[in-house]
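S.K.: Here it is: the structure, laid out below.
The values are calculated or read from the model by the stated rules, or taken from the named source; none is laboratory data. Note that the structure is a prediction, hence the values are computed from the model and not measured. Quick reminder, even Gly has a Cβ in these numbers, built from the backbone with ideal geometry, and neighbours come from all protein chains shown.
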């Protein structure tokens, strides 16, 4: 009877040890997954969200940060430095930047997201053009005005000319 009591305690102790080891392993797996997800988030932020507006110096500083808290503080300060009106409750610059990305993805996607091509990049950095000249039928030959360098060129049946009087360039 004492031996059986001892065996039950041993089995219970072993079961509890295995149980707590499994919980610890699950927690460390969950922490590793969270770390991986946050690294993916920061990589996406750096290589997609702000790729056209972050300076080389800022990128170098961000890449040297080690903790998640430092990276979060950096991102917060990154947007704060660019906020045109810090007195308001939202960041106008950040809102406009993400609006431009969404517009580029909606209008300029062709095989890959719109933010990745030249038209999307120009739109994200400079904003909408002041004027769009649409030529839906084309003419075969196009005589360029002097502000475009003069001369003539062949054109496709349909083309557009985007004019910018000034660039509402997003500050770096």
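S.K.: For residue 111, all conditions in the list (1) at negative phi; (2) at pLDDT 85 or above; (3) assigned to a loop (DSSP other than H, G, I, E, B) hold save one; what is the number of the exception?
M.R.: Condition not satisfied by residue 111: (1).
S.K.: Let me spell it out: the conditions are (1) touching a residue at least 12 places away in the same chain (Cβ under 8 Å); (2) under 30 Å from residue 165 (Cβ atoms); (3) in contact with a helix residue (DSSP H, G or I) (Cβ under 7 Å, 6 or more places away or on another chain), and residue 114 meets all of them except one. Which number is the exception?
M.R.: (1)
S.K.: Here's something else I'd like to know. Within segment 52-91, which residues are free of Cβ contacts under 8 Å to residues at least 24 places away in the same chain and within 19 Å of residue 102 (Cα to Cα)?
M.R.: Passing the criteria: 79, 90, 91.
S.K.: Of the residues 81, 99, only one is closer than 23 Å to residue 113 by Cβ and exposed (fewer than 14 other Cβ atoms within 10 Å of the Cβ); which?
M.R.: Matching residue, one of 81, 99: 99.
S.K.: Can I ask one more? Could you count how many residues in segment 149-165 are assigned to a loop (DSSP other than H, G, I, E, B) and in contact (Cβ under 8 Å) with a residue 12 or more places away in the chain?
M.R.: Residues meeting the conditions: 6.
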